[in-house]
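The values are calculated or read from the model by the stated rules, or taken from the named source; none is laboratory data. Predicted model, so just to flag it, every value in this text is computed and none were measured. We place every Cβ from the backbone using ideal geometry, glycine too, and count neighbours over all the protein chains shown. Note: accessible area is taken over every heavy atom of the protein model, side chains too, but ligands, DNA and RNA are not part of it. Shrake-Rupley method; radii C 1.70, N 1.55, O 1.52, S 1.80 Å.
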Amino acid sequence: MKALIKKDIFTVLKSMKVFLVIIILFSIIPNFSASSFAVVYASMLPLTALAYDERSKWDTLAATMPYSPWQIVGSKYALGYLGLAGSILLTLAAQGATRLLGVAFDAASSESVLYAACTGLLMTALSLPAAFRFGVEKGRLMLTALMLVCILAVVLLSDRLTQVFSADTSAASLRIAALIFFAAINAASIALSAKFYEKRRH
């Protein structure tokens, strides 16, 4: 599966330079809204890579290669997780650098990055099965709708989310519960996407 991940990374680096620059710029802007947007935006990388695969008819070529549906689907999820991790690390590094320089992020910025990451994971888990089942264009529409719903939910629940992710004893257990929840959602999503991909290939 490493070769598939490398293929997707090379595709991203070659064809989506502007996309990556936007993610990097928003990650390092000392503003929690911008950095949260970057984290969520990174979750769109697998969908964009899938669009290039469809356009180049790569699935036809992949059918002749010794890759299982699990490997092909898993490489797209791995790309999304790498994108999310990269944007989070950039954001945290930018936060640390600006604090050393005496420039503070907006209030609750660290918490916002955490639940933006959760939002990105949820969007990845929900959008990729739709893309593998119905194609990228419909999957992209669903992702846009999901983004609007998730952004609205974050805005409406921001105070509650800040309390949930605040640094106290109960928050630690809630973070663990959230981690288990999103891990389960993504595991189910990968299984569903592999099933849909296998159906489309046959």
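Only one of (1) within 14 Å of the chain's Cα centre (by Cα); (2) surrounded by 12 or more Cβ atoms within 10 Å (Cβ to Cβ) is not met by LEU89, so which one is it? It is condition (2) that LEU89 fails. Which members of segment 176-194 meet the condition of being touching a residue at least 40 places away in the same chain (Cβ under 8 Å) and surrounded by 13 or more Cβ atoms within 10 Å (Cβ to Cβ)? Residues satisfying the conditions are ALA178, PHE182, ILE185, ASN186, SER189, ILE190, LEU192, SER193, ALA194.
The helices (runs of 4 or more DSSP H) found entirely in segment 126-202 include none that carry 3 or more residues being under 16 Å from the mean Cα position of the chain (by Cα), among the polar types (S, T, N, Q) and at pLDDT below 75.
When segment 111-132 is filtered for residues that are among the hydroxyl-bearing types (Ser, Thr, Tyr) and closer than 17 Å to LEU152 by Cα, the ones remaining, listed by number, are SER112, TYR115, THR119.
Cβ-Cβ distances below 6 Å connect the following pairs, each with a first residue in segment 51-69 that is closer than 16 Å to SER193 by Cα, a second residue that is of a type in the set (Asp, Glu) and open to solvent by 70 Å² or more (accessible area, probe 1.4 Å), and a separation of six or more residues or different chains: PRO69/GLU198.
Exactly one residue out of LEU82, LEU50, LEU61 is aliphatic (A, V, I, L, M), more than 10 Å from the chain's Cα centre (by Cα), in a helix (DSSP H, G or I) and surrounded by fewer than 19 Cβ atoms within 10 Å (Cβ to Cβ): that is LEU61.
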